[in-house]
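Reviewing the structure listed below.
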Amino acid sequence: MSPAGVIAVVGSINVDLIAQVARHPKPGETLHGRGGRMLPGGKGANQAVAAARRGGTVEMIGAVGTDAQAEVGLSGLRAAGVGLTGVREVEGPTGLAVVTVAEDGENTIVVIAGANGSVDAAQVRASRELLERAAIVVCQGEIPRAGIEALPELVRGRLLHNPAPVMELDPAVLRASDPLVVNEHEAALVLAQLAPGTDAPEQPAQMVDALRDAGITSVVLTMGARGSLVADADGQRRIPAAPVTAVDTTGAGDAFIGALAVGLAGGDSLPDAARLASRVGAFAATGQGAQPSYPGPEDALPPLARGEA
Ligand code: ADP
């Protein structure tokens with residue numbers, strides 16, 4: 001068997017500051033909270049950690065600030081053995097997400113891009129050699145538009161694009177995704193960009209078909225505990241979820257994507273990679289937080305439900 005290819009993740013590195021509150025404060029109000037821990041986060045870093053924990057050879061391309069938070073943001077990546085030569089240190093703060101979690105489970109999140117805002121076309125091009133040799137390049141929506149739009153000309157392998165949060169992008173860049181990985185909300189927003197003026201179909205399967213008809217080579221639509229849909233030139237399939245008792249689904253989507261990248265880098269078909277990803281995403285939903293909940297090679301993954309179609 002040939003060795004699996006390198007996975008390059010171009011994306012955000014954040015620190016998550018989490019406060020638990022009985023209820024969310026009203027404007028002008030001060031409340032006591034609990035928690036206050038700083039945890040490594042950011043969609044880019046989460047996906048890189050998930051992929052490395054599942055055995056992928058992973059390189060991160062991104063930026064941290066010159067503050068003390070930078071080491072927190074990098075801690076999970078370091079522990080998972082992710083290569084950091086593509087991570088730059090820039091003057092100013094590291095990306096920060098301030099999360100308040102109320103007793104009813106509802107969250108509010110304020111994200112400060114910080115150093116992630118410097119991952120522009122110039123920084124992406126500075127990692128040209130790494131990007132050109134990667135089998136899979138993974139990106140999300142937490143760096144500037146120009147950084148994402150610089151990728152297609154550099155990627156020789158597959159571009160796994162998770163447009164979260166969705167921003168306005170050159171349609172040609174969206175069409176370079178192979179696969180595009182979206183939830184239902186993101187799928188509708190991407191479709192609106194590719195086929196403006198058309199109503200988004202209500203059924204997820206039709207949404208996937210519409211994205212393919214709009215020129216996306218392959219699509220993975222994740223639907224939480226309802227599993228996912230995958231579609232490429234071989235047709236569309238429903239991949240079941242792995243039934244688990246979910247404790248905290250934060251970062252489960254990122255775990256799914258990291259594992260999907262590992263499968264594809266190892267030469268798996270899209271449905272096979274999605275079957276593994278579904279089990280890894282479910283595992284991540286059974287643990288608290290994002291990166292701490294990701295399975296390593298020693299962890300037994302929950303089996304998929306029956307009923308693939
Ligand atoms: P996002 O958080 O990006 O909207 P999803 O909620 O679709 O993503 O979750 C991504 C993946 O994580 C799912 O496709 C599934 O594999 C897994 N997952 C998430 N929540 C659950 C759950 N409650 N039970 C089982 N798997 C889950």
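Given a 10 angstrom Cα cut-off, can you work out which residue in A115, A188, A233 is the most mobile in a GNM of the chain?
A233
Can you give me the % of accessible surface on the chain that is carbon or sulfur? Probe 1.4 Å, all protein chains present, nothing else counted.
Carbon-and-sulfur percentage of accessible area, whole number: 53.
Quick one: what are the phi-derived ³J(HN,Hα) couplings along region 218-233, Karplus 6.51/-1.76/1.60 with θ = phi - 60°, whole Hz, x for glycine and proline?
So the Karplus estimates, Gly and Pro as x, are 8, 9, 10, 10, 8, 10, x, 5, 8, x, 8, 10, 10, 8, 8, 4 Hz.
Name the shape class, rounded, prolate or oblate, that the alpha-carbon gyration tensor gives for region 170-296, where a ≥ b ≥ c are the square roots of its eigenvalues, rounded holds for a/c under 1.5, and otherwise prolate holds if a/b is larger than b/c and oblate otherwise.
prolate
Determine the relative contact order of region 165-309: mean sequence separation of Cα pairs under 8 Å and six or more apart, normalised by residue count, in whole percent.
Answer for region 165-309 is 20 percent.
V138's amide H: which non-local residues (gap 5+, or another chain) put their own amide H closer than 5 Å, with H modeled 1.01 Å from N in plane and none for Pro or chain starts?
Answer set, sorted by chain and number: A8, V9, V10, L160.
Between G141, G36, G62, where does the largest GNM mean-square fluctuation fall for the chain, given springs only between Cα atoms within less than 10 Å?
G36
Once amide H atoms are built 1.01 Å from N in the peptide plane, which residues 5 or more positions from D16, or in another chain, come under 5 Å H to H?
L39, G41, A97
Please compute the per residue accessible area over region 175-249 with all protein chains in place, 1.4 Å probe, rounded to a whole number of Å².
48
Assign one of three labels to region 102-202, namely rounded, prolate or oblate, based on the Cα gyration tensor with a ≥ b ≥ c the square roots of its eigenvalues; rounded applies when a/c is under 1.5, prolate when it is not and a/b is larger than b/c, and oblate otherwise.
Numbers: a/c = 2.02, a/b = 1.26, b/c = 1.60.
The shape class here is oblate.
Report E103's accessible area, 1.4 Å probe, all protein chains in place, as a number in Å² to the nearest 10.
150
Return the sequence-ordered ³J(HN,Hα) values of region 105-110 in whole Hz as given by the Karplus equation 6.51 cos²θ - 1.76 cosθ + 1.60 applied to θ = phi - 60°, using x for Gly and Pro.
x, 6, 10, 10, 9, 10
I'd like the distance separating the alpha-carbon centroids of region 126-158 and region 1-80, in whole Å.
20
Please report Rg over Rh for region 222-309, where both radii come from the alpha carbon positions and Rh follows the Kirkwood definition.
Dividing the radius of gyration by the Kirkwood radius yields 0.95.
Would you work out if the chain is rounded, prolate or oblate? Take a ≥ b ≥ c from the square roots of the eigenvalues of the alpha-carbon gyration tensor; rounded if a/c is under 1.5, else prolate when a/b is larger than b/c, oblate otherwise.
Judged from the Cα gyration tensor, the chain comes out rounded (a/c under 1.5).
Could you run the Karplus curve 6.51 cos²θ - 1.76 cosθ + 1.60 with θ = phi - 60° over region 294-309 and give me ³J(HN,Hα) per residue in whole Hz, x for Gly and Pro?
7, x, x, x, 7, 7, 7, 8, x, x, 6, 5, 6, x, 5, 9
Pull up the DSSP beta bridges for the chain and report the antiparallel fraction as a percent, rounded to 5.
Roughly 40 percent of the beta bridges in the chain run antiparallel, per DSSP.
Would you list K43, K26 from the most to the least accessible area, probe 1.4 Å?
K26, K43
The values are calculated or read from the model by the stated rules, or taken from the named source; none is laboratory data. Here the structure is a predicted model, which is why all the values come from computation and not from measurement. For accessibility, only protein heavy atoms count, side chains too; no ligands or nucleic acids. Shrake-Rupley method; radii C 1.70, N 1.55, O 1.52, S 1.80 Å.
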